[in-house]
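Reading through the structure tokens given below for one structure.
The values are calculated or read from the model by the stated rules, or taken from the named source; none is laboratory data. Since we're looking at a predicted model, the values are computed, not measured. Quick reminder, even Gly has a Cβ in these numbers, built from the backbone with ideal geometry, and neighbours come from all protein chains shown.
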Amino acid sequence: MLPIHGRCFGKVAFKEHCDFHQLKKLWATAALEAFEAAVRQECFPCFFGTRSVRSGSFEFLFISEQAPVTDFIAGLGNYIEQTTSWSMKLRIRKPLIILFERNNFSSLAEEQRYAWRLLQQLHDKDPAPWPESIPLDIYNEYWSFSFMGMPLFINMSFPGHQLMKSRNLGTHIVFVINPRENFDYVASGGSQKGQRIRARIRSRSEAYNAGRVSGTLGAFGEHGNLEIKQYQLEEPGSLSHAQCPFHMNLNPTAAKASIA
């Protein structure tokens, strides 16, 4: 495996880490270029994402096919440690973009099963206690996925999406991860400004997806909203939200033992 896996990079640092000839051969280079091409478009729904791509302020994490769980744990942990020293303004400009090497899937549902399986393993091996402020019940409107004590929001995007095009960010599976607090600061569902920003992005998403609207999008803490259903969107051929593929591990001792 190349030493690019399981480490967070800014775009400049990534290019400096590999020489020009090596960069041309890396799967990560092609995946990164495809991601940037998708998000850089004027019509892309999330204008925050477009600005970050154009300014080159994203952090990137590349996950190898050979050791995805190890890379995921190490890289996300590295990112979370960095965010503690960033101001809120800087943190908003630096979401974590995770690109997964494996892309030999036969269907959208298979891509999604792989993604959920890795997220489950990440949770099962979380070295930190679950945050006291976050409910253990995934069906509680205040539940949020957390790792190393930090609540996060996870946007899962897949090459297999044909209709929900806003969740197709290139040739590989992509996770866009933000600290949960970022959304509460920029677009809180409890403020008029936040509601206007959400409405604008969702209106742009509807146009980008040719009029299709996901029925699972909502605001954190809103009655009846389930955060986990926003991580992966549905379309024909996708996994159904009828049975959640993620399960809380309520036995932290067993989770820690599984790391060894």
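Listed by first and then second residue, the pairs with beta-carbon distance under 9 Å, at least 6 apart or on different chains, first residue in segment 153-164 and over 17 Å from residue 110 (Cβ atoms), second assigned to a strand (DSSP E or B) and not β-branched (Val, Ile, Thr), are 153/178; 153/179; 154/175; 154/178; 155/175; 155/178.
Each residue in segment 40-58 was checked for being farther than 19 Å from residue 14 by Cα and among the aliphatic types (A, V, I, L, M), and 0 pass.
Reported count of residues in segment 56-70, each being part of a strand (DSSP E or B) and of a type in the set (S, T, N, Q), is 0.
Scan segment 215-260 for residues that are modelled with pLDDT of 70 or more and either hydrophobic (A, V, I, L, M, F, W, C) or surrounded by 13 or more Cβ atoms within 10 Å (Cβ to Cβ) (or both) and the total you get is 22.
Of the residues 144, 166, the single one that is in contact with a helix residue (DSSP H, G or I) (Cβ under 7 Å, 6 or more places away or on another chain), among the small types (Gly, Ala, Ser) and farther than 17 Å from residue 39 by Cβ is 144. Scanning segment 161-177 for residues that are buried (at least 20 other Cβ atoms within 10 Å of the Cβ) and part of a loop (DSSP other than H, G, I, E, B) returns 161, 164, 169, 170, 172, 173.
Within segment 46-60, the set of residues being of a type outside the set (Val, Ile, Thr), buried (at least 17 other Cβ atoms within 10 Å of the Cβ) and free of Cβ contacts under 8 Å to residues at least 60 places away in the same chain comprises 52, 58, 59, 60.
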